[in-house]
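Each remark here refers to the structure printed beneath this line.
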Amino acid sequence: MTNIQNPDPRDQPSASRLLRSTAIALATAIVILVVAVLPAEYGVDPTGLGRVLGLTEMGEIKMSLAREAAADEAADAEAQAAAEAEAVAVPTAASTPTAASGWTDETIVPLAPGEGKEVKLVMAKGAVAEFSWAATGGGVNYDMHGDSVNAPNSYYSYAKANGVESDSGSVTAAFDGSHGWFWRNRTARPVAITLRTRGAYTELKRMY
């Protein structure tokens, strides 16, 4: 028969030892929380050691990114709500000959909040085209540039600006290719671009 001996009570931890171990573990956890976790995760540094160890800056960056993400989400939600609530009729995209007014083409480009669209003129190197465009409903960001048909001159920027309501002038093609405009509506309202063009181009392309 197996002889099972009862454990010696002297080998069992006493209540005081258990309490002391628990207190040490709790104190260690609090120190780690205050010195490392709070600075690294939330940028809160009660002791100042977090900044010395470089943890506070990491936490501040995390919190800043979280605030920016929340602000972007709120802005997107506001823009969507405004777009749905505002019953503004935006003209349908169209390209219409306007010889009677002196322009060859008139193109209407509707832009929903946050939307971007592009229109290009196909031109040979050195060809000149005149243009005039205006935004109805608010200012837009735009980039006027050219894309060549052959490398290495694959891209050329003529002009760009933010929050602009209109622009006019002429463009001289830097190379054979497509030259025109990219517009983006950063407002919370629908916007319509009316573009009028004439000159030495062989095709007007709506890139959308």
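Residue-wise test of (1) touching a His at 6+ places or on another chain (Cβ under 6 Å); (2) among the hydrophobic types (A, V, I, L, M, F, W, C).
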residue: Ser166; (1), (2): no, no
residue: Val171; (1), (2): yes, yes
residue: Ala174; (1), (2): no, yes
residue: Trp183; (1), (2): no, yes
residue: Ala192; (1), (2): no, yes
Qualifying positions in the stretch 106-115 - open to solvent by 30 Å² or more (accessible area, probe 1.4 Å) and in a strand (DSSP E or B): Glu106, Ile108
Pull up the stretch 124-143, narrow it to residues that are crowded, with 18+ Cβ neighbours inside 10 Å and either modelled with pLDDT of 95 or more or among the hydroxyl-bearing types (Ser, Thr, Tyr) (or both), then point me to the one that is farthest from the chain's Cα centre (by Cα). Ala129
I'm checking my understanding of the structure. Among residues of the stretch 190-202 that are more than 29 Å from the chain's Cα centre (by Cα) and closer than 21 Å to Gly116 by Cβ, which one is least open to solvent (accessible area, probe 1.4 Å)? Thr197
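I'd like the residue in the stretch 29-62 that is aliphatic (A, V, I, L, M) and not in a helix (DSSP H, G or I) and, out of all such residues, is modelled with the highest pLDDT.
It comes out as Val44.
I'd like the residue in the stretch 149-186 that is among the polar types (S, T, N, Q) and open to solvent by less than 30 Å² (accessible area, probe 1.4 Å) and, out of all such residues, is nearest to Ala74 (Cα to Cα).
Looking at residues that are among the polar types (S, T, N, Q) and open to solvent by less than 30 Å² (accessible area, probe 1.4 Å), I get Asn185.
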For the stretch 15-28, state whether one or more residues are surrounded by 12 or more Cβ atoms within 10 Å (Cβ to Cβ) and at pLDDT 75 or above. yes
Going by what's in this entry, would Leu65 be described as more than 25 Å from the chain's Cα centre (by Cα), modelled with pLDDT of 60 or more and more than 30 Å from Ala200 (Cα to Cα)? no
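The values are calculated or read from the model by the stated rules, or taken from the named source; none is laboratory data. Fair warning: this is a prediction, and the values are worked out from it, not measured in the lab. Positions of Cβ are backbone-derived with ideal geometry, glycine not excepted, and every protein chain shown enters the neighbour counts. Accessible surface is based on the protein model in full, side chains and every heavy atom, while ligands, DNA and RNA are left aside. Shrake-Rupley method; radii C 1.70, N 1.55, O 1.52, S 1.80 Å.
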